[in-house]
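Below is one structure, written out as structure tokens; the observations come after it.
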Amino acid sequence: MGSEDGSKRKKNPQVVCFGELLIDFVPTVSGVSLAEAPGFKKAPGGAPANVAVCVSKLGGSAGFLGKVGDDEFGHMLANILKENNVDNTGMRFDKQARTALAFVTLRSDGEREFMFFRHPSADMLLTEAELDTDLIKKSTIFHYGSISLIEDPCKSAHLAAMKIAKKAGCILSYDPNLRLPLWPSPEAARKGIMSIWDEADVIKISEDEIVFLTGGDDPYDDKVVLTKLFHPNLKLLIVTEGPNGCRYYTKDFHGKVGGVKVKCVDTTGAGDAFVGGLLLNLAANTQLFKDEKKLRDALRFANVCGAITVTERGAIPSLPSKEAVHNKLEESESK
């Protein structure tokens, strides 16, 4: 029976992302506060979902696990994933709770401010029993953030999913994606984010997150990163520096890959595009972290993915195609 079912399904997703999928409401004009905004445009959001779409748009295969409301927005989001060739069979719909909303304003410098509506939203109510365990087991990489760790039942579902993935031999990929307003307190955020730190094979963090997680240490100090954040099971730790590229740390080597200069319109989704670009390469070569040259190439590719994403508004609409990334890589190499 099993093989028959398998033939009907699309090929196994290389990357399965777990967590929140929501609607971002972005002001129609930039550089204003939420109160000043004359109107808002809706856009699909949620970091794990952005990563799944990015992998798919780059030509990889991806799946998404999470819960939305059984409402117009929830079904719209499920369709957006489907349109982008992301396997959405792991999505669940809650009859009572609504799909999460976030009002996001872009300040004049392109950075963001958030106001969330999750009281509780459907994504927080995913239970362990609702997990599509088959989808997890078939993946090469299981990717997640920390927002799903804030409250039960989603927290228990998240921990159970990680356990299933680990047992199945998947690579565990973690982007904490700190959103302080969603946590009860900064201490709770620090504790929650670090509670699963030692489980991950691959971690991506930003400079701001290093400062937060270490209690104010210098994010550019390799010693700080290696002593406080690198752990024995970790295969690859990436520190993103926005337009300046990224730093990488493995057991055997560490270094930096420079960024790509572009005109920044909106940073939404840039980190997710970076992760998508990296995971696409890692799924194709799971030993990537052992070969510094290949790793550097993959990180250059990921940097370009992030750079292209900041040149347009919104996350999913601005995620790049493989052609766009290769064109930009050739262009930056010829300079």
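The values are calculated or read from the model by the stated rules, or taken from the named source; none is laboratory data. None of these values were measured; they are calculated from a predicted model. Methodologically, a virtual Cβ is constructed for each residue, glycine included, from the backbone with ideal geometry; neighbour enumeration extends over all protein chains shown. What goes into the accessible areas is simple: the full protein's heavy atoms, side chains included, and nothing from ligands, DNA or RNA. Shrake-Rupley method; radii C 1.70, N 1.55, O 1.52, S 1.80 Å.
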In nm, spacing of pseudo-spin labels at LYS42 and HIS254 (7 Å Cα→C-beta vector):
4.5 nm
At a 1.4 Å probe radius, carbon and sulfur cover how many percent of the accessible area of the chain?
51 percent
Per-residue ³J(HN,Hα) for segment 113-122, Karplus 6.51 cos²θ - 1.76 cosθ + 1.60, θ = phi - 60°, Hz, x for Gly and Pro
10, 10, 9, 9, 10, 8, 10, x, 9, 4
Kindly write out, for segment 81-89 in residue order, the coupling ³J(HN,Hα) from the Karplus curve 6.51 cos²θ - 1.76 cosθ + 1.60 (θ = phi - 60°), rounded to whole Hz, with x marking Gly and Pro.
4, 4, 4, 9, 6, 9, 5, 10, 5
Taking a 1.4 Å probe, which of LEU65, LEU182 shows the most accessible area, and what order do the others take after it?
LEU182, LEU65
List the pair-distance distribution P(r) of segment 211-310, using every Cα-Cα distance, as the percent of pairs falling in each 5 Å bin from 0 up to the bin containing the longest distance, rounded to whole percents.
2, 13, 23, 22, 21, 14, 5, 1
Where both partners of a DSSP beta bridge lie in the chain, what percent of those bridges are antiparallel, to the nearest 5?
40 percent
Relative to the compact-globule scaling 2.2 N^0.38 Å, provide the ratio for the alpha-carbon radius of gyration of the chain.
0.93
Classify segment 91-133 from the C-alpha gyration tensor, please: rounded if a/c falls under 1.5, else prolate or oblate depending on whether a/b exceeds b/c.
prolate
I want the antiparallel fraction of DSSP beta bridges within segment 196-297, as a percent rounded to 5.
60 percent
Going by Cα centres, segment 257-316 and segment 132-165 are how many Å apart?
23 Å
Pop the C-beta distance of THR227 and PHE114 into the FRET formula with R0 = 41 Å and round what comes out to the nearest 0.05.
0.80
Over segment 151-206, with the other protein chains present, what is the accessible area per residue in square angstrom, probe 1.4 angstrom?
43 Å²
Tell me, what is the per residue accessible area of segment 1-137 in Å², probe radius 1.4 Å?
46 Å²
Once all Cα-Cα distances of segment 24-176 are split into 10 Å bins that start at 0, what whole-number percent is in each one?
11, 37, 35, 14, 3, 0
